[in-house]
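Working notes, beginning with the structure itself.
The values are calculated or read from the model by the stated rules, or taken from the named source; none is laboratory data. Being a predicted model, the structure only gives us computed values, none of them experimental. Here Cβ is always computed from backbone atoms with ideal geometry, including for glycine, and neighbour counts include all displayed protein chains.
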Amino acid sequence: MPTSLAHIPIFASLPPPVIARCERRKRHLPSTQGRLWRRCARLDGVDRPEFEQVRRIALALPAVTERISHGEPCFFIGGKRPLCYFHDDHNGDGRVSLWCPAPPGVQDELVSAEPDRFFRPVPSASGTFASWLGVFLDTSGVNTVDWDEIAAILEDAYRTAAPKTLIKELEAD
């Protein structure tokens, strides 16, 4: 791991002492450490090649920005609507995954057809994520990640969540 991650855009808003403290302690903090842990969670996963691929694809879509949401790297449309969350070891599951909104019926179809590659994210208490699609990004062999497919999934997620004006902008490109 690099000495300092301050050069990575997602960390730009963190003061150097917080970055240094997180770099020293991130793998040793239990999830109950509160605010410091949430700030350190910003470090999890962002040094993975899968995250760089997701970032490249997501930020190529119109008006998409990146920030931390609920302790995870997240990409937003117009700064408000979530496009996707990148998870590395979410709640200790040991997996690298992407969660994104899906058009009606897509989640059921893909999860039923290929459960080794796709899953249903656990919904929040308010029901968020109930219709979202989860994609495992740490697969290998016959289930190796197809980044063109991930780009298509993210474009579908964008069309599901974006306002019509931005969808028109996407189609114009």
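General remarks:
- Some residue of the range 40-54 being assigned to a strand (DSSP E or B), at pLDDT 80 or above and under 22 Å from Arg120 (Cβ atoms): no
- The range 76-90 - residue that is over 14 Å from Asp138 (Cβ atoms) and in contact (Cβ under 8 Å) with a residue 40 or more places away in the chain and, of those, farthest from the chain's Cα centre (by Cα): Gly78
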